[in-house]
Structure formats: structure tokens, C-alpha cells
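For reference, the structure discussed in these notes is given below.
Please treat every number below as a calculation from the coordinates, not as lab data. Because the structure is a prediction, the values reported are computed rather than measured. Here the Cβ is made from the backbone with ideal geometry for all residues, glycine too, and neighbour counts use every protein chain on show.
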Amino acid sequence: MKKRLGLVIDQERCLGCEACTVACKIENATKEHWIRVETQNAAQKDTPEGRFPDLKMSFLPRLCNHCAQPPCVDACPLEALGKREDGPVVLDQQRCDGCQACMEVCPYDAIRYNNHEEKAEKCNLCIHRIDKGLEPFCVICCEGQAMHFGDLNDNTSAVSRILDTRETFQLNPEAGTEPSLYYCSPKPPRGL
Amino acid sequence: MAERGKTSLVRTVCPAHCGIDACGILAHVNGDRVVKVEPADFPDPKHKRICLRGLSSLDITYHPDRLKYPMRRRGERGEGKFERISWGEALDTIAERFKGLADRYGWRSIGWTLGGPGAGTTKFGAYLRLASLTQSTRVSAWGYGDSALPCGSRALFGAQFPYQFLMGKFLTGKVKPEMVVVWGSNPAESQPLNMMRRIMDAKERGAHVVVIDPRFTVTASKADQYLGVRPGTDAALALGMINVIFREGLQDDGFIQRHTVGPYLGRTDTGEYVRGRDIGAEGSEEYVIWDGASDSPRVCSDVGITPLMSGTHTVKGLTCKPALQLLMDLAQEYPPERTAEITGVRTHIITRLAQRIGTANSVTFVTNMGFTRTYHGDISLRALGTVAALTGNVTATFSGGYLPAVLNWRPFLHADPDRPSYSRLGILQLYDAVISDKPYPIKAVWFSFINFLNQCAHSTKIANEIFTKLDLIVAAELFMTPTARYADILLPACSYLEFSDLIPFPYPYVQLQQKVIEPLYESRSDVDIASGLAGRLGLGEYFDKGEEGFIDLILDSGDPSMEGITRERLREGPMRLRLIPDMDQQLDIPFSTPSRKIEFYCERLREVGQALPVYLEPLEAPLKPEGKKYPLTFIQGHSRFRTHSMFANVPSLLELNPEPVVEINPRDAAERDISDNDLVTVFNDRGKTTLRTRVMEGVRPRVVNITEGWWIGQFKEGSVNHLTHDVINPVQETLYEPNMHMNDVAVEVVKADNQDSPQRPRYHLPELPQYHLPELRGRRGRR
Ligand code: SF4
Ligand code: SF4
Ligand code: SF4
């Protein structure tokens, strides 16, 4: 079977630290942040929901979903975006002329606009690393050990095992893009 | 990715002062430049890790604002006007001034004020070696927030730190506690890697996690139960739990009897322990136990005693009680209802937590300095430890494992054993020494890796009364910090990639921080700086072997934990400490307290009424705010974006966290007509600071939080330490060293008059010093 490389992010372990954000920016020498860590159901970062002391807070790192049916690829008039056989959706900045058509169709707001170079930019699943057998840089720098990378089509991979054993979800599945990025929800507190 | 051409890899260590994470770093070097850092391998892959600060560390090394050459002050102190001088001139000047001051006031008048050295050893030791050889003064920085925990730990366990007793082998990941109680600490942000990961691992394996904190922190967000305690009332919370534990008989009598002072009789009149001599054993200093079988007092070394740990007994006319009974009497006063009133934690939660701790197979207590930064913070730690000890959750036996790293500093620090060494002052004691010559005058201060003005209590006093009175201020720094601006001579120091050091962390490893690149600009390592000065003071011979010589000196100094560890072998990678194979036998750990037991009753504190972990109200934190001029308690959490004031000037982190904010609960904000993102002034009689609000439920009502470490200049005005006080708790002075009570401060908050201040830049760096940087070839900023 073809590979379907993707990520599973475990909210139970995500510390909202943004090390992934910083790591990605350094590794790819980007202007913009390709991963943005949101605090769920909160107006701003690092603020819980509820009323003191009955509170909860969880974090949602958001990045490109490397969709199986990526509308961004179809939208790009210059074929700057492509879906690789093994999964990653890659943006070739050489070809991008900054028209932003892809940004309009991405349901996940995953494509950033680099004002400086007037080009779109996004996570390319660290193909320069994974093609050498390394894990994406954000994964090895994740403080909470919350990010997992692997072949979602391989039943024996670590990511598949998580999908088999944990309750997981995708963002906006109704958009029909079939994301290759899954999340595990945080475990509800058990009290005393 | 970013690199071109040939890249070589060097393994080193990030020694940032984040506790003991000490992440291994793999530096990618291209030519003379480090182009990338990534987490380095460890023999045990679970130690491979890096945090967002470590990732950003190149932004420190290649920061355009690095100090590039030695400078001499030109304008007024604090004005930030400097001129470039040579190293020779800088060190000659310092040596001459030191000698002059020493002639007039004695060498003791020169104080080496060294901050947290992080995980580093030689950079810290080199200055102390010099302090020792000149018999000058070591100003210890423990009191900058970190001495109350040792105060309490010394009284209770006879050890500087309580961690090994409260956590045992928790950090090895080999134990499976049923519960993890994180008390007054936020490891998710301050120790995410070695500590928080283990907590989440334990939770994955079923442990219940409880977090006790006035803020709903990231750590709290991972808890099964959160207790939003009122700052400074932790001892009351502990006593309330102890009340329930005794009431329901959940204490571990076997453990108490074997490892604590529980059975030892204390006199109700003087508070002293009954001694052998009191019951007729002449000259005997032994503790005395009431033997239930014979219904008589016996010295504790007698065999075949059936100790009674409760009741009142009369020994030769003296009324006395076992220490455990004395504790029960105290806890009696803290039923859960009353405890709830004091602490703000709900009654049934106090009861239930005590029951859970009392019945769980094993509980790991995770704590740190944060909750001890109140006036009686040392007692908070003792109270926590007492809960652990009563329920048998203290590691009091040893049955094998890696020996903890112990460094024998003596040959290093005390280079000439025939001469007396340095004098020692706590950093809070420095204030009086400079201002009023008590206990003796300090005339010159050397600052290394410390941002004294920014980080220490009562900044206004420091600026107006300490800095104005000193004859000489020297600072070795990487940046023009708020403190550096006051220096007379300012020396450029190296970042961690530019020198070597020995890092005895993370347990159970020792690592070598290897020099990766030559010092940038004219910067020098701290060891080089100390040695340059030593040469001018006629002490060069003690420094001639450099960093590597000092590393060897520590490794070869004969502590068993370091056996077999050499610098050569450390070059190849981290080495494990000495392993004592698992034994069948469990050896009792001899606690270094006077009784060799866990002392929840500390005899020497009887005269100040603190022999037991009594609850005493905080100094300023207003427990009953109604009608108070300053009704809010001000606390300072730690931020993941900084280690203290390090990294506060790093643009890549400022992008994510652009400016200081004061966190305030919506109820308090509403009472003051304050909205989110308003500019407000936080103030008390000592000073004020102006900054934006973050109105949020995550901070307890009546409590406001500003994370520490932002630089003066990054606020609209003032800073956190314009609000703090430098009051000394004399009990801490006798136990170890007085602490700064950063989390025991009363303030009020008002909306600032001028709301429509100009749009803030995305990030805001402190005003830069007015000196001109000559072009330095090939050494520009990163991109
Ligand atoms: S998340 Fe957006 S950018 Fe990424 S593949 Fe899907 S549609 Fe394209
Ligand atoms: S996979 Fe690589 S490019 Fe994508 S978010 Fe992670 S670090 Fe950035
Ligand atoms: S680095 Fe890991 S723990 Fe931190 S925010 Fe990103 S996913 Fe979460």
C-alpha cells in the first residue's frame, strides 16, 4: 500500500509551550509561524475557560493537515502546490507568485503569506528531513512528547497504534479534505 | 537546511539556569559559525530533548546587542554612557581599585555577587577561588528567592534539597506512584523536560495528578484535581490535611516510628526534647521514648521498646509528650472547615485529598521554590514534608541505584588550605552591608551572571541606596542589562557555546559543555576573566590551567559518585554516575538532622515558636483584603519564554510573547472598571509599574500575577521588583540564609490615566545604551 505520512498530536501531553512553533521557524528559516498553538475555547493564549477554580485549558497546535484531497493544490494556477505520493503537500516557493488563491480555499488557515517575499509559505512536513529517514523537526523538539510522526497506512507504525488505542479526531472533517493530522483529546479530569 | 557547505557536529550542553534540565545540545558548525542547534542523543533516549529557550539560544550568541569589548562608564551610573577600553586597561583598573579598597577597608569589603550559575561549575567556581584566595566576600544568591526551600529542608531533612526524599526514584521513571501531588510549582513551564514529562508519564500509567497553586497553570491544566490555594497559606492547608489524617487514623505508624522524631518525648514547658540525662542516664544526650510495655521512659537506643507515640507522660516531674502528639495537638486546631476559610480551598476537597494521600500506596510530592517565596515559606516546605512523612511517602531508605552527583568543591574553591577562605553574606544581607556597613562594609561589588537590579527585591532601594553608595561596580555580562548600565567597568562575557564547563546533570549523568566556537568579539569566558584578574593580584599560579584544568580538578577530587568519569571520556558523550547494584537490604538513610531522623519537630526553633510546622500568616499578602489600602496579593510566576531575566531580549521569543502583562481575575477587574488589555498601574508604598492587563479566570480572585524576568524598560514604567520588599526573616537567617519574599507582597491596581498611548511595537527592547559600535569584521548579527 502507498504510504500516508502524517502526524498525531496528543492534547493530553501538549504543554502549549510553542517549542514546535520556534523549532519549525528555525529549521525552515521562515518569516511566519507555520505552527500556531491555540488555547482552545479561549479568546487569547494561555487562558483557561470556566470560573475559578473550576477551570480547564487545553492546547491545539495547528499546522498544515497534509490533506488527502487538498483543495489548495487544485486552486494554485501555477502548480506551485503538489501532493506527494507518500503524503506531504508541498509548496514550491520558486513557482509561487503570491496570488493567495490557495489561502482562500484552505479550510484550516494553514498557509501563511510572507509579506517580505510576497509568497505563500506553509509546512512541508519537513521533507528535507523525512526523506533522510529523520523525523520532522517539530516532532523531535516537542517538549511534551505530544507529537508523533509516521505512516498512517502502516498498521504497525506508532501513529497507527495510537489511532487504534486512543480516541482521536480530525479538524473539520466535514470539509472533506481528509486530513492526515489527527488529534487525541485531553483526558477529562478524574477528580479525587 | 539553512546551512551550506561542510558542517561539523559538536555535542555540548545548554546550561541555562532552568533548574537541572541541562539538555544535551548538538551544535552544527559551519566555518566559525554555529548554524543550528538540536537536541543531542543520550544513552537513554528519553533524555533527548530541548526546550524553546534552548532552541532560541543562537539568538543569544549572535544577538546584535552582545557586549563586544570592555567598557568604562562615562556618564552617571545608570545613564548607560560608556567608552571602549582594552582588556588590559579594564583588568588593571579593577585590580588597582580592589587593592586600594582592600588597603582601606580590608578585602572583605569586596563582594563577589554571583547569580545562579545554572548547571555550570567552573565559571562559578573560578570567581569563588579568587574570593577565597583574597579572603574577600562571597555574596550568595540563594536568598534571591531560593533559600527558603533549603531553610525548610535543612530543618526537616537535614539536607539542602528535599527532592530526593519527596520524589525518590520518580525522575528515573521506574516507580509507579498512585498519586503525584504538585505543590506550589509549575514544572510544565519551568521544568518541562526532566520533570513535567515524568509527571505526564506517571499520569499515563494511572497516577492521579493533583496541583496546588494560586494560578491555574499549564501544570494545573493536566491535573485530575486542582486546588486554588491562597498564597502563603500552604502550611495551614497541610495542617488541615494532617488533621484529617490523624482523625481517620491514616498515618503510617511504622514509618513514623522508624524514620521520624514521632516517638521522641518533648517537654511541654521548655519545648526541648527530653534527654537521657533527664531520666537518670548520666550525661546522656540520647532522646527518650515512652515504652508502652513497661509504662516508663527509656532512652531511644534501648532494645525491645514498645514506643507510645501519643498521650501525655510525666518524667521525673516533667510533663512531656511524644513529638507526634505535639503535632496532633497542633493539627487539632485545623479542622477542614477552618482550613477552608484560611486557604480558600473547599472543605470537602481538603478532606478528600487527605484521605487519598493517606490511603494511596505511594504518593510523589513534586515541589520547588515558588511557594516558599513567602515570609514563612520555609515552614510551608516543612509542612508539606510533614504530610509526606506522616503518610510514609518519604524515601528514607536506600537499596541501590545511581549515586547522586556530589561535587567535592574544596580543592577548587579553597585553593590554599592554609589560609582562611572567603566570608559569606546572603544577598539580602548585602543591602545592609552596603547601606549601613552592617555586619561590615561592602565597598565594591562584582556581578557575574546576575541581573541584580532587575531580579532582586526593592529595585528602587538598589538604585538609590546601594548603587549610589558603592565605590566600585564591575559587571561581566553578555548584554547591557538594567544592572550592567550601573557598572563602572563592564566586561563582555561568553555565551555557552564559547567556553567549556562541567555539567553534573541531568541525573544520573555527567556531561561536558564543550566549547563549540571561539569567543565572539572580545568576549571572554568567566574563567578567563577571573584568571586575568588573578594574574594582576599575584595569584596567577592558581589559574594557569584554564577551564579544563578546573574541570579536572573537580573530577579528580575524590568523590565516589564521580569515580571513573574523565574529561576525555566526557568528550564522547554523557557518562552515567556510579551505580550501586540493587541490594536486598533497605538501608535507612541517616538524615543529617540532630536526631538523624525526619524532624517535623525541630528543637532549635522552639524559642521562636516554630518547632512544629505552625501556620503563620504571610507578612503582607492581605488575607482579609476588605478595607485594606493594598488589598491584592502580588505574585510572580515563571514564564516558559525566559529563565529568570535571560532570553527576555530574544526577538524570536518576543514575537510570541511581546510584553509583560498583569494577570487579574475578572471579578477584581470589574470592581476597578478595568478591561482586558487596558494599561494599568500596579502600586504600593514602595513603587509602581505600568503595563497591560490580561483579565482571566486563571488567577485566583484577590491575587495578581506578573511573570518575573521582564527587564526594566520593557514595562511602560517600573518593573515587578519596584513592588517587592527586602524584609529579612530572622529565622531563615539562623537556619541558612534569608530569602526574598517575592510572592508575599500587597498591591493595588488602577487603570492608568493615559490609555491611548501610541501603538506598541510588536516587541519592545529596553532603550539601548549610548555607545558606538565600531564595525567588527565578519561578526554581524545572524541574518
Ligand atoms: S491543510 Fe490547507 S494547506 Fe494543508 S493540505 Fe490541507 S488544504 Fe492544503
Ligand atoms: S513538519 Fe517541519 S515544516 Fe511542518 S510544522 Fe513541523 S517543523 Fe514545521
Ligand atoms: S512543542 Fe509539543 S508540547 Fe509544545 S506546544 Fe508544540 S505540540 Fe505542544
Would you grab the residues whose amide H sits under 5 Å from the one on A:Lys119? Only those 5+ places off in sequence or on another chain, please, with H modelled 1.01 Å from N.
A:Asn114
Report the paramagnetic label zone for B:Val750: residues of region B:603-632 whose backbone N is under 15 Å from a point 7 Å from Cα along the Cα-to-Cβ axis.
B:629-632
Rounded, prolate or oblate: which one fits region B:39-142, using the alpha carbon gyration tensor with axes a ≥ b ≥ c (rounded when a/c is under 1.5, else prolate when a/b beats b/c, else oblate)?
oblate
With 10 angstrom as the radius, rank A:Arg36, B:Arg346 by how many other C-beta atoms surround their C-beta, starting from the fewest.
B:Arg346, A:Arg36
For chain B, the charge dipole (Cβ of Lys, Arg +1; Cβ of Asp, Glu -1; about the Cα centre) points to a positive end, and the Cα of B:Ala476, B:Leu26, B:Thr707 closest to that extreme belongs to B:Leu26
Taking +1 at the Cβ of each Lys and Arg and -1 at the Cβ of each Asp and Glu, which of B:Leu533, B:Leu227, B:Val139 sits farthest along the dipole of the protein assembly as shown towards its positive end, judged by Cα position relative to the Cα centre?
B:Leu533
Average partner coverage of A:137-150, which counts Cβ from other chains inside 10 Å:
3
Considering only the other residues whose Cβ falls under 9 Å of the Cβ of A:Asp86, what net charge follows from Lys and Arg at +1 and Asp and Glu at -1?
+2
Under a point-charge model restricted to the Cβ atoms of Lys and Arg (+1) and Asp and Glu (-1), what is the dipole moment magnitude of the protein assembly as shown relative to its Cα centre, in debye to the nearest 20?
740
Reachable lysines from B:Lys545, Cα under 20 Å, same-chain residues fewer than 8 places away excluded?
B:Lys123, B:Lys515
Explain nothing, just compute: Karplus ³J(HN,Hα) = 6.51 cos²θ - 1.76 cosθ + 1.60, θ = phi - 60°, for every residue of region B:196-213 in order, whole Hz, x for Gly and Pro.
5, 4, 5, 5, 5, 4, 4, 5, 4, 8, x, 5, 7, 10, 10, 10, 10, 6
Beta bridges per DSSP with both ends in chain B, % antiparallel, nearest 5
55
Of B:Lys81/B:Lys751; B:Lys48/B:Lys176; A:Lys2/B:Lys46; B:Lys438/B:Lys469, pairs whose Cα-Cα distance is over 24 Å:
B:Lys81/B:Lys751; A:Lys2/B:Lys46
Could you tell me which of B:Thr374, B:Ala202, B:Ala102 has its Cα farthest along the dipole of chain B towards the positive end, charges placed at Cβ (Lys, Arg +1; Asp, Glu -1), taken about the Cα centre?
B:Ala202
How would B:Tyr736, B:Tyr62 line up from fewest to most surrounding beta-carbon atoms within 10 angstrom?
B:Tyr62, B:Tyr736
Need one number: nm distance between label points at A:Asn114 and B:Asp302, each 7 Å from Cα along Cα→Cβ, rounded to one decimal.
8.4
Relative to a virtual label point 7 Å from the Cα of A:Leu171 in the Cα→beta-carbon direction, which members of region A:132-152 show backbone nitrogen distances below 20 Å?
A:136-150, A:152
Toy charge model, Lys and Arg Cβ at +1, Asp and Glu Cβ at -1: chain B dipole around Cα centroid in debye, rounded to 20, equals 1600
Partner shielding of B:531-541, taken as the mean number of other chain Cβ atoms within 10 Å, equals 0
So B:Arg72 and B:Arg672, fully extended at 0.36 nm per residue minus their Cα-Cα distance, gain in nm 211.3 nm
For A:Lys3 and B:Asp253, what does the FRET efficiency come to when R0 = 45 Å and r is the distance between their Cβ atoms, rounded to the nearest 0.05?
0.15
In the neighborhood of B:Gly120, defined by Cβ-to-Cβ distances under 9 Å, what is the net charge if each Lys or Arg adds +1 and each Asp or Glu adds -1?
-1
Read phi for every residue in region A:80-87 and hand back ³J(HN,Hα) as whole Hz from Karplus 6.51 cos²θ - 1.76 cosθ + 1.60, θ = phi - 60°, with x for Gly and Pro.
6, 9, x, 9, 7, 3, 8, x
When Cβ neighbours within 10 Å are restricted to other protein chains, what is their mean count per residue of peptide B:690-699?
4
If you take the beta carbon distance between A:Asp164 and A:Gln44 as r and set R0 to 56 Å, what does 1/(1 + (r/R0)^6) give as a FRET efficiency, to the nearest 0.05?
0.95
Taking a ≥ b ≥ c as the square roots of the Cα gyration tensor eigenvalues, with a/c under 1.5 meaning rounded and otherwise prolate when a/b beats b/c or oblate if not, region B:632-751 comes out oblate
Would you mind calculating the gained length between B:Lys176 and B:Thr566 on full extension (0.36 nm times residue separation, minus the Cα-Cα distance), in nm to one decimal?
137.0 nm
For B:Thr566, what residues show an amide H to amide H distance below 5 Å, using hydrogens built from the backbone and excluding near sequence neighbours?
none
In nanometres, what is the gap between the two model label sites at B:Arg424 and A:Cys99, each 7 Å from Cα along Cα-to-Cβ?
7.3
Rounded to 5, the percent of DSSP beta bridges in region B:632-751 classed as antiparallel:
70
For the residue pair B:Glu96 and B:Asp685, what label-to-label distance in nm results when each label sits 7 Å from Cα along the Cα-to-beta-carbon direction?
4.6
Please list, in chain and number order, the residues 5+ apart from B:Val366 or on another chain whose amide H is under 5 Å from its amide H, with Hs placed from the backbone.
B:Val181, B:Val182, B:Trp183
Length gained when the stretch B:Thr347-B:Glu655 is fully extended (0.36 nm per residue, less Cα-Cα span)
106.6 nm
May I ask you to derive the FRET efficiency for A:Glu79 and B:Asp41 from their Cβ-Cβ distance with R0 = 41 Å, giving the value to the nearest 0.05?
0.55
Could you put A:Glu118, B:Glu38 in order, starting from the residue whose Cβ has the fewest other Cβ atoms within 10 Å?
A:Glu118, B:Glu38
Using a cut-off of 11 Å between beta-carbons, work out the net charge of the residues near B:Ser525 (Lys and Arg +1, Asp and Glu -1, B:Ser525 not included).
-3
Hey, what do the phi angles of region B:243-259 turn into as Karplus ³J(HN,Hα) couplings, whole Hz, using 6.51/-1.76/1.60 and θ = phi - 60°, x for Gly and Pro?
4, 5, 4, 5, 4, 9, x, 8, 6, 9, 4, x, 5, 4, 5, 7, 10
Just the number, please: percent antiparallel of the DSSP beta bridges in the protein assembly as shown, rounded to the nearest 5.
60
Spatially close lysines, pair count over region A:5-184: Cα under 24 Å, gap of eight or more or interchain:
15
